[in-house]
Amino acid sequence: MRMIRRTFVATAVAATAALTAGTAFAQGKEVKIGYALAVNSHYGAAANAWAEGVEKGTNGAYKFKQFPASALGGERELIEGLQLGTVEAAIVSTGALSNFVPDVGVVDIPFLFRDTQHARAVMDGAFGQDLLAKFQKRGLIALAWGEQGFRHLSNNKHAVNGVPDLKGLKIRVTENPVHITAFRTLGASPTPMSWPEVIGALQQGTIDGQENPISVLVSAKLWQVQKHLTLTSHVYAPMALIVSPSFWGSLNAAQKTAFTEAAKKGALASRAFVDNVEKKGVEEAKANGMKVVEKVDQTAFRTALEPAYKEYAKKFGQKTLDSITAVK
Ligand code: PAF
């Protein structure tokens, strides 16, 4: 009797072990991915496409576990997590990135890109690809450039029709020296702040406004905390799809290819999402009560930014700026 019971228990344990192993294989190794916004945003679109591509490309050996809406902290913490290897993957804006990869700051220069087509050509061309390669020296592996769109200005004080209206406005900016210089030069009072603090600060009135693309405005429903929107298109905002070097080192060559190819698909998914949300996002903002200034005199903004452009040229080299402008 005892013998039969032992055999039964051993068989049951073996069966459970086989099942667990099977499940582990079916689930794949977990890849933690963090990003700032909700799953139904351009970040989520990129993460979903990246996850799907990796699962297919590695025959299920890897499976993404998503931590959207800043669940792993602000972008600075997320980037540090990648460097430390506590997070395997992330999608981040260039906001905090240039504190880690200083060369990235060049893309944050206001009015550097003529339009979306120009920005995409630069990021997909030699310049953007060389920039991705520069992450490695800074303890990060960047695989592709996704997109958020062009940044616009919102605030609670008054309509911003031109540069003089910016005077004294307390605008939250990302923790990004190029953005800080730009808004200071334009006469505003730039307040660097991590994204997870922004909605609360707008609600409490410790800041008057913020600046982000339509994709972010819609995802965060910024009309709930902001009255005025001005379509300044002052800065193109890419986002980077990054993995941690320690995780990257654990992959074989075929898996690295799968992660890279899937990241490119993720980047394209974010661009498609942005194309779509930009078509209807401004109407949605209006329908939710935002007062929208549709156009500003960008030449006047550029002229006001002259002192900042001198600083940027010193920092990044006029040649670099010219090479970006020259891309058709
Ligand atoms: O403003 C920012 O910090 C970024 O644009 C955000 C909202 C995190 C999205 O990338």
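What is the gain in length, in nm to one decimal, between Ala313 and Gln204 on full extension, counting 0.36 nm per residue of separation less the C-alpha to C-alpha distance? Spell out each step's value before the answer.
Values: separation 109, 0.36 × 109 = 39.24 nm, distance 3.75 nm.
The Ala313-Gln204 span can extend by a further 35.5 nm.
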- Message: With equal scatterers on the alpha carbons only and no solvent term, can you work out the Debye log10 of I(q)/I(0) for the range 105-219 at 0.11, 0.19, 0.20 1/Å?
- Response: -0.43, -1.11, -1.18
- Message: Could you work out [θ]222 nm for the chain from helices alone, using -39500 (n - 2.57) per DSSP H run of at least four and dividing by all its residues? Round to the nearest 500 deg cm²/dmol.
- Response: -15000 deg cm²/dmol
- Task: Would you list the P(r) distribution for the range 27-326, with all Cα-Cα distances sorted into 20 Å bins from 0 and each bin expressed as a whole %?
- Result: 35, 57, 7
- Note on the structure: Note: Ala272 to Ala133 extended length (0.36 nm per residue) minus current alpha-carbon separation gives 47.6 nm
- Message: Name the residue from Gln27, Ala46, Trp248 whose Cα lies farthest towards the positive end of the charge dipole of the chain, charges +1 on Cβ of Lys and Arg and -1 on Cβ of Asp and Glu.
- Response: Gln27
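Mind checking the dipole of the chain: about its Cα centre, +1 per Lys or Arg Cβ, -1 per Asp or Glu Cβ, Debye to the nearest 20?
640 debye
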- What accessible area per residue, rounded to a whole number of Å², is obtained for the range 232-328 using a probe radius of 1.4 Å? 52 Å²
- The whole-number value in µm²/s of the Stokes-Einstein translational diffusion coefficient for the range 64-123, with Rh from the Kirkwood sum over alpha carbon pairs at 10 °C and 1.306 mPa s, is 121 µm²/s
- Message: If you count only protein heavy atoms with a 1.4 Å probe, what accessible area per residue comes out for the range 166-208, rounded to a whole Å²?
- Response: 40 Å²
- Item | Kirkwood hydrodynamic radius of the range 155-215, Cα pairs, Å | 11.7 Å
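How large is the dipole of the range 93-161 about the Cα centre if only Lys and Arg carry +1 and Asp and Glu carry -1, each at its Cβ, rounded to the nearest 20 debye?
Working: 7 positive and 6 negative charges, 37 e Å.
For the range 93-161, the charge dipole is close to 180 debye.
Relative contact order, percent, of the range 111-234 when contacts are C-alpha pairs under 8 Å separated by at least 6 residues?
32 percent
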- On the accessible surface of the chain, probed at 1.4 Å with all protein chains in place, carbon and sulfur together account for a percent value of 56 percent
- Item | the range 78-95 - phi-based ³J(HN,Hα) in whole Hz, Karplus 6.51/-1.76/1.60, Gly and Pro as x | 5, 5, 4, x, 5, 5, 7, x, 7, 10, 7, 9, 7, 10, 10, 6, 7, x
- Query: What pairs in Lys167/Lys291; Lys170/Lys286; Lys264/Lys315; Lys56/Lys134; Lys157/Lys310 have C-alpha atoms more than 21 Å from each other?
  - Reply: Lys170/Lys286; Lys264/Lys315; Lys56/Lys134; Lys157/Lys310
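The values are calculated or read from the model by the stated rules, or taken from the named source; none is laboratory data. Because the structure is a prediction, the values reported are computed rather than measured. Reconstructed Cβ throughout: ideal geometry from the backbone, glycine too, with neighbour counts over all protein chains shown. For the accessible areas, the whole protein counts, side chains as well, though only heavy atoms, and no ligand, DNA or RNA atoms are used. Shrake-Rupley method; radii C 1.70, N 1.55, O 1.52, S 1.80 Å.
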